[in-house]
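Scroll down for the structure; my scribbles are underneath it.
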There are 2 protein chains.
Amino acid sequence: MSDQVVLPVVGNGNYHNNNDDHSHSNVLNIYPLSCYYFGSKEAVPFEDETIADRVHRMKSNYDAYGLRTCVQAVLLVELFKHPHLLLLQIRNSILMLPGGRLRPGESDIGGLKRKLSSKLSIDKDGGRPDWEVGECLGMWWRHNFETLLYPYLPPNVKWPKECIKLFLVKLPASQKFIVPKNLKLLAVPLSEIHESQKKYGPIISGIPQLLSKFAVNVVES
Amino acid sequence: MSDQVVLPVVGNGNYHNNNDDHSHSNVLNIYPLSCYYFGSKEAVPFEDETIADRVHRMKSNYDAYGLRTCVQAVLLVELFKHPHLLLLQIRNSILMLPGGRLRPGESDIGGLKRKLSSKLSIDKDGGRPDWEVGECLGMWWRHNFETLLYPYLPPNVKWPKECIKLFLVKLPASQKFIVPKNLKLLAVPLSEIHESQKKYGPIISGIPQLLSKFAVNVVES
């Protein structure tokens, strides 16, 4: 993991929100990592379970609520003049995009903002940043409870079990990230992620392609 | 290649252009393969050359004109209730997206329309369809003359040698495809292309992911 950068947890700092205009859709402004402040908060509980338990839980949730929808955020910062993707790491192993499961009836954007606040900032209203959720970059489908994820829905699958939606979330010129103590926030270069499916899984390893249409513009502070 | 469908070349048929409104950006209307007419025309010349010859030609073109830009089209039809991508095949081996190299000073969209007309329809004005070139889906960069393609440009690469841009091209409800005799037009299901990098190369095998954000809507004729 030589190219990954573990984000430092530092003391209290100043926080100012300085949103720029990101109106041109094919230009993506990103800011240096040094623009952001990183702190920690209480650990969040995890469902520590076996795969069999997980499948069982997915099945009973499916029976109760139908299709499970997860929303995940693609957040970029600049480091060493190259875009880096923000990933959360659990127990020094599993890497994941910030996000999570929607509550029944919750909107994609509302749910993603809730998940981002619980995993990347102070939860309470007031301290919570106004996340700028942009376009949907891609969707992955789980056809059955134990199967792989695919970026399409074949015609023979009438009742998919899970849909994972990736949204571009545009960071402002400054922001305070407050991460639960049992999670580690990493900044990983796109060049490290591309085609590293074994390490990052199919969803994360495909993100450099999904972002390739953008002209990334590093805004120097 | 069991899942590929070779498009039949048939006799003269009627041709009517019936453009629909594709205004909602996340819904992608596609039409059954049977809506389209396929015919053939004179063979087009190919630069039949060694890799060394190709690199030599790229180098002298780079010295004369700078960065080489290629534009390629992502064209979809419906078959067996699943989206199929249109690919061109040369000499029963190389598979490629319809498109090609821009002339110096030519616009992306103008160049792609010219290339689509020369490879997929009657060249002459009048018989040429008005190709509806949509959004850019992704870009790939060749950092040096003999290197691989990447979906990003690392900071140490100041002078990339080639940029390949993929554009979504929305087909109308009916169209006449006229393909050079030395090319074969194939319709390949997205499920066959996904993760088949060895067979289709990095660009084509990533297209299902690039399209995954769209809700594909099959318009029955």
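Consider region A:114-147 and keep the residues that are farther than 25 Å from A:Tyr36 by Cβ and away from chain B (no Cβ under 14 Å). The one that is surrounded by the most Cβ atoms within 10 Å (Cβ to Cβ) is A:Phe145. Being open to solvent by less than 10 Å² (accessible area, probe 1.4 Å) and away from every other protein chain (no Cβ under 14 Å) is a description that applies to B:Gly111.
Looking at the structure I just gave you, is A:Gln72 open to solvent by 20 Å² or more (accessible area, probe 1.4 Å) and touching a residue at least 60 places away in the same chain (Cβ under 8 Å)?
On the way: open to solvent by 20 Å² or more (accessible area, probe 1.4 Å): yes; touching a residue at least 60 places away in the same chain (Cβ under 8 Å): yes.
Yes.
Of the conditions (1) surrounded by fewer than 18 Cβ atoms within 10 Å (Cβ to Cβ); (2) away from chain B (no Cβ under 14 Å), A:Pro202 fails just one. Which one is it? Single failed check for A:Pro202: (2). Is region A:81-103 home to any residue that is hydroxyl-bearing (Ser, Thr, Tyr), away from chain B (no Cβ under 14 Å), within 28 Å of A:Asp63 (Cβ to Cβ) and surrounded by fewer than 19 Cβ atoms within 10 Å (Cβ to Cβ)? Within region A:81-103, not a single residue is hydroxyl-bearing (Ser, Thr, Tyr), away from chain B (no Cβ under 14 Å), within 28 Å of A:Asp63 (Cβ to Cβ) and surrounded by fewer than 19 Cβ atoms within 10 Å (Cβ to Cβ). Restricting B:Ala187, B:Ala173 to residues that are more than 17 Å from the chain's Cα centre (by Cα) and of a type in the set (A, V, I, L, M) narrows the list to B:Ala173. Considering region B:163-183, the residues that are among the charged types (D, E, K, R) and modelled with pLDDT under 95 include one that is surrounded by the most Cβ atoms within 10 Å (Cβ to Cβ), namely B:Lys176. Checked against (1) modelled with pLDDT of 95 or more; (2) touching a strand residue (DSSP E or B) at 6+ places or on another chain (Cβ under 6 Å); (3) under 16 Å from B:Leu137 (Cβ atoms), B:Leu211 meets all criteria but (2).
Out of curiosity, is B:Trp159 under 21 Å from B:Leu67 (Cα atoms) and either in contact with a Pro (Cβ under 6 Å, 6 or more places away or on another chain) or within 12 Å of another protein chain (Cβ to nearest Cβ) (or both)? Here the answer is no, as B:Trp159 does not meet what is asked. Is there a residue in region B:190-198 that is modelled with pLDDT of 95 or more, within 22 Å of A:Leu137 (Cα to Cα) and at the interface with chain A (Cβ under 9 Å from one of its Cβ atoms)? Taking every residue of region B:190-198 in turn, at least one turns out to be modelled with pLDDT of 95 or more, within 22 Å of A:Leu137 (Cα to Cα) and at the interface with chain A (Cβ under 9 Å from one of its Cβ atoms).
The values are calculated or read from the model by the stated rules, or taken from the named source; none is laboratory data. Bear in mind the structure is a predicted one, so any value in this text is a computation, not a measurement. Positions of Cβ are backbone-derived with ideal geometry, glycine not excepted, and every protein chain shown enters the neighbour counts. The accessibility values were calculated without ligands, DNA or RNA, using every heavy atom of the protein model including side chains. Shrake-Rupley method; radii C 1.70, N 1.55, O 1.52, S 1.80 Å.
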